[in-house]
There are 2 protein chains.
Amino acid sequence: MFKESLQKVVENVEGGVASLVMGFDGIAVDAYSKATNGPPLDMNTVGMEFSFILTQVRKAAEILEVGALQELTLKSEKLIMIMKVLTPEYFLALALGPEGNFGKGRYLLRIIAPKLQAEL
Amino acid sequence: MFKESLQKVVENVEGGVASLVMGFDGIAVDAYSKATNGPPLDMNTVGMEFSFILTQVRKAAEILEVGALQELTLKSEKLIMIMKVLTPEYFLALALGPEGNFGKGRYLLRIIAPKLQAEL
C-alpha cells in the first residue's frame with residue numbers, strides 16, 4: 001500500500017538507504033530498504049528507537065507551547081535521518097548515508113506525505 | 001565570550017530569534033535573544049528541554065551504532081530549532097521563526113562552530 005511511495009523516495013535521492021511509515025507506538029506499517037553491499041540498516045529497529053525520541057520531542061513541544069511537531073532530522077557520523085509527522089498517530093522516516101542529499105530527501109518526503117496521509 | 005558569534009548568527013538569518021551555547025547538563029554558557037514585538041522566546045528553557053532530548057538521541061545513536069550525533073533539527077508550527085554538537089559536553093542551538101531560513105541557519109552554525117569549539 002505504501003511500499004511504492006517509500007521505494008520511490010529511497011531510489012530517487014542520492015545516498016538513500018531505507019524508509020518507513022511507523023506508528024508512534026513503534027509498530028511499522030510498511031518499510032523499504034535498498035539492497036546494499038554492506039550490512040543492511042535495520043530500519044525497523046531504527047524507527048522504533050526514534051518513535052520514542054519523537055514522542056519525547058512532541059511532549060517538549062507541548063511544554064514549550066511551540067505548536068505541533070512537524071519534522072525532526074538528525075545527522076550522525078554514519079547516518080542522516082529525516083522524520084516527518086504524518087498524523088497524530090503515524091510518522092514517515094527516511095534514512096540516508098552520511099553523504100546523502102539532505103535537501104532532496106526532505107523535499108521528496110514533503111511530496112509524498114499528502115498521498116500517505118490520505119491513506120492512513 | 002560567545003555572545004558576539006551568537007548575535008551574528010541570529011542577526012544574519014531571516015527569521016532569527018535566539019541562539020545559545022549550552023552544556024548537555026542543561027546549563028547555558030552564553031545566549032543571545034533578538035528583541036521582538038511579541039513575547040520573547042525563553043531560550044534557556046527551550047535549550048534545557050532540548051539538552052534532555054539531545055542526550056536521549058545520543059543514547060539512541062550509540063545503541064544503533066550509527067556514530068556520534070552531529071546535528072539535530074526540528075520544525076514545529078511556531079519554531080525551527082537547529083542544534084549542533086560542539087564537543088561531547090556542549091552544543092550550539094539556533095531558534096528561528098516558522099518561516100525562517102533553515103538552510104542559511106544551518107550554514108551559519110557550521111561557520112561559527114570551529115571558533116566556538118576552539119574556545120570551549
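Remarks
- Local charge for A:R58 was computed over the other residues whose Cβ lies under 15 Å away, with Lys and Arg +1 and Asp and Glu -1, and equals -3.
- Summary for A:F52: label point 7 Å along Cα→Cβ; distances to the equivalent points in the other copies, ascending, 1.6 nm.
- Part-to-part distance (alpha-carbon centres) for the stretch B:35-112 and the stretch A:36-86, which is given in Å: 14
- Point-to-point label distance, B:T45-A:T45, nm (Cα→Cβ direction, 7 Å offset): 3.9
- A simple count of charges around B:K104, restricted to other residues whose Cβ falls under 11 Å of its Cβ and scoring Lys, Arg +1 and Asp, Glu -1, yields +1.
- Dipole size of the stretch A:1-52 about its Cα centre, with +1 on Lys/Arg Cβ and -1 on Asp/Glu Cβ: approximately 120 debye, rounded to the nearest 20.
- Rounded, prolate or oblate (a/c below 1.5 giving rounded, otherwise prolate when a/b exceeds b/c) for the stretch B:28-74 by Cα gyration tensor: prolate
- Acute angle (nearest 10 degrees) that the helix B:43-64 long axis makes with the longest principal axis of chain B, alpha-carbon atoms: 30
- Shortest-first distances to equivalent copies, position B:M1, nm, label 7 Å out along Cβ: 5.5
- Dividing the summed helix terms, -39500 (n - 2.57) for each DSSP H run of n ≥ 4, by the number of residues in the protein assembly as shown produces a 222 nm estimate of -13500 deg cm²/dmol to the nearest 500.
- Measuring nothing but how far apart in sequence close Cα pairs (under 8 Å, 6+ apart) lie, relative to its length, chain A scores a relative contact order of 27 percent.
- Rounded if a/c under 1.5, otherwise prolate or oblate - chain A, Cα gyration tensor axes: prolate
- Among the GluC sites (Glu not before Pro) in the stretch A:39-120, those located in a DSSP loop and surrounded by at most 13 other Cβ atoms within 10 Å of their own Cβ are A:E65, A:E77, A:E89, A:E99.
- Average partner coverage of A:57-65, which counts Cβ from other chains inside 10 Å: 5
- The stretch B:3-119, dipole about Cα centre (Lys/Arg Cβ +1, Asp/Glu Cβ -1), debye to the nearest 20: 260
- Inter-chain neighbour count for A:32-43: the average number of beta-carbon atoms from partner chains within 10 Å of each residue's beta-carbon is 0.
- Leading residue at positive end of dipole, the stretch B:3-119 (Cβ point charges), from B:L108, B:V21, B:A31: B:L108
- Pairwise FRET efficiency - B:F52 versus B:Q7, Cβ, R0 = 35 Å, nearest 0.05: 0.85
- Tally of Lys pairs whose C-alpha atoms are under 21 Å apart, taken over the stretch A:24-120, 8 or more apart or cross-chain: 11
- Fully extending the segment from A:K104 to A:Q117 would add 2.7 nm, taking 0.36 nm per residue of separation and subtracting the current Cα-Cα distance.
- On Cα atoms only, tilt of A:102-119 relative to the major axis of chain A in degrees: 70
- Rounded to the nearest 20 debye, the dipole magnitude of the protein assembly as shown is 540 debye, with +1 charges on Lys and Arg beta carbons, -1 on Asp and Glu beta carbons, and the Cα centre as origin.
- Exam field: B:D30 pseudo-label spacings to other copies (7 Å along Cα-Cβ), nanometres: 5.1
- Neighbourhood net charge (14 Å Cβ-Cβ; Lys/Arg +1, Asp/Glu -1) for B:Y32: -1
- Cα shape, the protein assembly as shown, gyration tensor, a/c 1.5 rule: prolate
Each reported figure results from applying straightforward, stated rules to the coordinates on display, with no laboratory input. Note that the structure is a prediction, hence the values are computed from the model and not measured. When we count neighbours, we look across all protein chains shown, and the Cβ atoms used for this are built from the backbone with ideal geometry, even at glycine.
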